[in-house]
Structures are given as C-alpha cells and as structure tokens.
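Report on one structure; see the data block that follows.
The values are calculated or read from the model by the stated rules, or taken from the named source; none is laboratory data. Model, not experiment: these values are computed from the prediction. Positions of Cβ are generated from backbone atoms using ideal geometry, with glycine treated the same way; all protein chains shown enter the neighbour counts. Please note that ligands, DNA and RNA were not included when accessible areas were found on the heavy atoms of the full protein model with its side chains. Shrake-Rupley method; radii C 1.70, N 1.55, O 1.52, S 1.80 Å.
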Amino acid sequence: DFGPSLFFPQSRGARLPTTPAMAQAAAIERFEGSLKQALKHVRLILDTERAPQLASQVHHQYQDKYVLAECMTNAALASQVNCLASLGLHAEHFERMAAWAGQGQAVSLCFQLRTVCTHDRVETREVEDPQKLVVESKVGAAVAAVFTSKVVTTVEEHFWKVEGRYQLSAVRGVGAEGGDRISILERTSHGEMTTSAEVPPHVGCHARHEVNVTWLLKQLEAPACSPRFRIDRKHAKCHTPRRNADVDAAEGHFAGLCAWTSKVRESLSTLFGLQPDTALQQQADQVVARCSAAVLVPVLPLLEEGAPGETAELAAPCGFGAERADGP
C-alpha cells in the first residue's frame, strides 16, 4: 500500500492519517500508469491509422460501456483458454468438459503435488587435512630423522532419495470414477540429497488445490471454444455495466482462479527447492520470479473514435479489448 510519506514530507516520528480516499487515489494513479505503458506497446502492434485510447479520453455512448465490459471479459477468457491449451488441454477436452458443465455438473481443475524423502544408504570416506606436521630429530647439529604426520578425518554421509510428482487434471463432480477425470499434464522427477547426519533434508508433503471452472466452460461456444460472454441488459439486477449479475459472476471466477494459481505456484516453488544443484535451483528461482513480475496482461480498456453514425460492435475475443465508439 502507498503510505503518506510518498506524497507529503513529514518529520521524524510524525504520522499522518491514511484515509481510504487517499489509498483509492493512489491505486487509480498506479493503474492508469500501467495502462499508459501497455498502450505504448499496443500502438507498436496496431496499424498506424489506428489510435486506441483510454475509455475515459474518448467520446462514447453509454451502450459502449457494456460492449467494452463484454469485450474485456472475453479477452480475459480467451487468455485463460490459451493458457490451459499450452498446458495440454486440447479442443476435444474442452468440448468434453463443456458437455459436463452443460449437463449441470460442476467441473474443476485439480492440481496435486506429492513429495517423498527416504533414506537410501550410508557411506564413509576419509578426508585428509592439507596441512602436514613435520618434526625433525637432531643429534647435535645433524638431522637424525624426520617425522611427518597429518590428520585424517572419517566423514559419514547419509544419502536420501527424493521423489516429486505433480499432476494437473480436470474433474467432473468429485471424480469418483475414471471417466470423470481428464489428465492435462503429469510429471515425476527423482533426485538425491546428502546430509552429514541421519536427519532427512526434506519432510514429504502432499498438496491438493482445486478451483471450479464451470462458469468459464459455460461461456465457450463450440466448435472453436470461442468465449461469448454477454451482459443481460434486461435482467432485473442489471443496473450498470459493472453492477450486474453477469459481471459479478465473472469477477468471482477470475478471483478464484487467481487465488488457485498462487497456491499452485507456491507448491511448485517447494518442489524447485529440492533441486540439489545450486546453479539449477537459482535458475529455477529466477524463472519463477520473472513469471511473477512480468505476466502479460492482454486486456486493456481501450476505445477508438469511429466514423459518424458507426455503431459499436463486439470485437473478436482474441483482440486487445478495444471497441469503436460513436463519433462526436
């Protein structure tokens, strides 16, 4: 959170009150700054005659706000579908899962991680001290004998077998039968760790994280699994483009999936920590940190000035979330 010291000078020991309005203003400023940086990259990709801008800077009708909310949600859904496809979920899997959801059954993504550490063997080896002690025995001025000694330490090493296995699957209901599960990806790895005492370097763990994706599947349209999210303007609880049941359901889905991915990342970080090679472990930590700090956000609330009389239409889900607005 942004503290008051970023905006106002204060003496040592002095504390200024922080209000919700200040925190909200700081959050809005940071959000708009991120959008401006993203907009620079968008302009490099689009044609030179295209001029997308932030929605607040373009004259538009109230109906365009609904279209913009729908397009941004569809872009976010398309991004999630692409992520799942890159993990191994194919079109036929999506169709099967969508059929489950269409039958009124809950569909979840389930991530499971299990690690086991078992004692394998004990080995001993002798380690010589590089320093030697030389003692000379003399008789008068002559050296009669030379004695050389060194310290040899017996080292006991305990070797441990470490196994890690994780699996990502789609589950119908509670997954009671074999046909209720779709394996998306699975991997098992083995390693060996060493300690100087008979104390395990790792305590085995078992993690299981699930998230309900039924709402996501109901937004996909066959056969291309294209997102077709719509806001029901005629619904009794539809008050604004933000205050309506459809957007509330979308927000709940995205929040739940975000929390789930955070838990999965934490579990995988535990697995990466078992890498005995320090160089490879540092490399894995860097990859995780890079993914956490530089995740591509393909959803931007942008509008573009249209020709007079041109009406707003919903763009393809794979777009940038930009819609044309009526000209002034």
Rg and Dmax of segment 55-113, Cα atoms, in Å? 16.6, 51
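Please compute the net charge surrounding N74, taking Lys and Arg as +1 and Asp and Glu as -1 over other residues with Cβ under 10 Å from its Cβ.
Numbers: positive: R228, R230; negative: E70.
Local net charge: +1.
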Rounded to whole angstroms and listed largest first, the alpha-carbon spread of segment 146-256 along its three principal axes comes to 103, 35, 25
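Using a 1.4 angstrom probe, figure out how much accessible area segment 83-208 has per residue, in square angstrom, rounded to the nearest whole. If you can, show how the numbers build up before the last one.
Values: 7930 Å² over 126 residues.
On a per-residue basis, 63 Å².
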With the alpha-carbon atoms as the only input, what is the per residue convex hull volume for segment 43-198 in Å³? 326
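Provide the net charge surrounding R125, with neighbours chosen by a C-beta distance below 10 Å and charges set as Lys +1, Arg +1, Asp -1, Glu -1.
Working: positive: none; negative: E123, E126, E156, E157.
Its environment carries a net charge of -4.
What does the charge add up to near S267, with Lys and Arg as +1, Asp and Glu as -1, over the other residues with Cβ less than 11 Å from its Cβ? Before the final figure, lay out the partial values.
Numbers: positive: R114, R208, K263, R265; negative: E266.
In short, +3.
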Share of accessible surface on carbon and sulfur in segment 203-288, whole %, 1.4 Å probe and ligands ignored, is 53
